[in-house]
Amino acid sequence: MTPALYKNAKLCTAARVADLLPRMTLEEKVAQLRSAREPTSANDALNHPAQMATLLQHGLGMLNPAFDTPQDETIAFRNRVQRYLATETRLGIPAIILDEAHHGVLAPGVDVFPHGLAIASSWNPDLIERVYSLIATQARSRGTHMVLAPVVDVARDPRWGRTGETLGEDPYLTGTLGSAMVRGFQGSCNGTIAPGHVAATLKHFTGHGESEGGLNQGPANHSVRVLREIHMEPFRLCIERARPAAVMAAYCDIDGVPCHANPWLLRDVLRGEWRFTGLIVSDWFGIDQLWTKHRVAPTEEAAALRAFQAGVTVDLPYGVNYAHLVALVRKHQISDTALDAAVASVLSLKFDLGLFEEAAIDVHNARRAFGGPEARALALEAASASMVLLKNEGNLLPIDKARYKTIAVIGPMAAVNYLGDYS
């Protein structure tokens, strides 16, 4: 076998991908478009060596987080998976590790910043970029390479339960502040991922924020003009101004076509018109819903074919549908060329992130990254800038301490500090 040039960090990404891709078997290629999730219980497959060997034998594209696992356990597991991939698989391709980080890393014991709808009220892109740059540093310290954020859905129905995740009802504001978030996460505005930063994922493309009846995952039956001017515009602005690494498809359907199976949306507009070259990832179980909910496909295999042909690169969170890509390629329903293009995009991001040269995660460094004075000060600054005074009847504020000796705090937040969704 010729020397493994893909392991040479001095070569450019394109050269490394060109060397690695022809070395891969069909099963190894498909594995790069699949995912697994960190264990949530002792019975999970990845907690058992034999089952882990079966699951990871051909490699792994992405590893999804378990949100409530103590950080030290998370880091130990991530190190174990990456070590296995590096030493026990034929080509030693590491996985991209994901985290949610909508307004702080979604994990126990971390710093939390204002929710999307709150921080949008700061009207301050520079502050937002600083906040998300710090979140990126914290995420990378625990081995995270890519975050499933920011949310740039436009919310225009307050009945929708996920309104608080958004940056509000204005597409220009959402696109402007969303671009700042991407720049903070990635540490650049040109699509490169700076050291100590993470790949960003815009979500959810598109129409997710104004579903029929305000029901989450309901249809987004809007005209093309409304879609383009309102719901798609923040995505276009972010791609133009900050070049995020990934876009996530939305759960909803538009005119009866689910976003995960919509080639007009993902290929014609996103790829063709906007020249987006990054990854398109599914929402959690988004491909599964093509056959379990939307009923536009009768089986997992049929759902995998529709999603892949529409343009979805990676199947999250367990990759069960894309396991069928092997059979679909062998039956010539998916071409080798199309598969290679999707795999190359995943490998390119892995090389750009420096995964092949990355050392094991240092648990002590991760502990130091959270809860420090810099993060506390920035969280306070962001919270202060995000506050909105709706009414100040009788000039009550600022409170006169000489006049008021006791203040009653009433309601559910009097006893519990609710930090918002993704906390």
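The values are calculated or read from the model by the stated rules, or taken from the named source; none is laboratory data. What you see is a predicted model, and the numbers here were worked out from it, not measured in a lab. All Cβ positions, glycine included, derive from the backbone under ideal geometry; neighbour counts span all protein chains shown. Only protein heavy atoms, including side chains, enter the accessible area calculation; ligands, DNA and RNA are left aside. Shrake-Rupley method; radii C 1.70, N 1.55, O 1.52, S 1.80 Å.
Can you give me the number of residues within region 331-360 that are β-branched (Val, Ile, Thr) and open to solvent by 30 Å² or more (accessible area, probe 1.4 Å)?
1
Scanning for something under 30 Å from Leu305 (Cβ atoms), under 22 Å from the mean Cα position of the chain (by Cα), not in a loop (DSSP other than H, G, I, E, B) and not charged (D, E, K, R), does region 363-383 turn up at least one residue?
Checking region 363-383: not a single residue is under 30 Å from Leu305 (Cβ atoms), under 22 Å from the mean Cα position of the chain (by Cα), not in a loop (DSSP other than H, G, I, E, B) and not charged (D, E, K, R).
Please go through region 197-208 and give me each residue that is within 17 Å of the chain's Cα centre (by Cα) and assigned to a loop (DSSP other than H, G, I, E, B), ordered by number.
His197, Val198, Ala200, Thr206, His208
If you scan region 87-110, which residues turn out to be touching a Gly at 6+ places or on another chain (Cβ under 6 Å) and modelled with pLDDT under 95?
Matches in region 87-110: Val110 only.
Within region 412-422, identify whether any single residue is open to solvent by less than 40 Å² (accessible area, probe 1.4 Å), among the small types (Gly, Ala, Ser) and in contact with a Ser or Thr (Cβ under 7 Å, 6 or more places away or on another chain), and answer yes or no.
no
Mind listing whichever residues of region 307-320 are crowded, with 22+ Cβ neighbours inside 10 Å and in a helix (DSSP H, G or I)?
Ala307, Phe308, Ala310 - these are the residues of region 307-320 that are crowded, with 22+ Cβ neighbours inside 10 Å and in a helix (DSSP H, G or I).
Which of the residues spanning region 1-41 are touching an Asp or Glu at 6+ places or on another chain (Cβ under 7 Å), within 27 Å of Glu100 (Cα to Cα) and in a loop (DSSP other than H, G, I, E, B)?
Scanning region 1-41 gives Leu33, Arg34.
Please specify each residue of region 123-133 satisfying the condition of being open to solvent by less than 10 Å² (accessible area, probe 1.4 Å) and more than 19 Å from Ser423 (Cβ to Cβ).
Leu127
Could you say which residue among Ala120, Ala155, Ala95, Ala107 is of a type in the set (A, V, I, L, M) and either under 30 Å from Leu339 (Cβ atoms) or open to solvent by 30 Å² or more (accessible area, probe 1.4 Å) (or both)?
Criteria check complete, one pass: Ala95.
May I ask you to list the residues in region 254-306 that are polar (S, T, N, Q), out of contact with any strand residue (DSSP E or B) (no Cβ under 9 Å at 6 or more places or on another chain) and either assigned to a helix (DSSP H, G or I) or farther than 23 Å from Ala344 by Cβ (or both)?
Residues satisfying the conditions are Thr292, Thr299.
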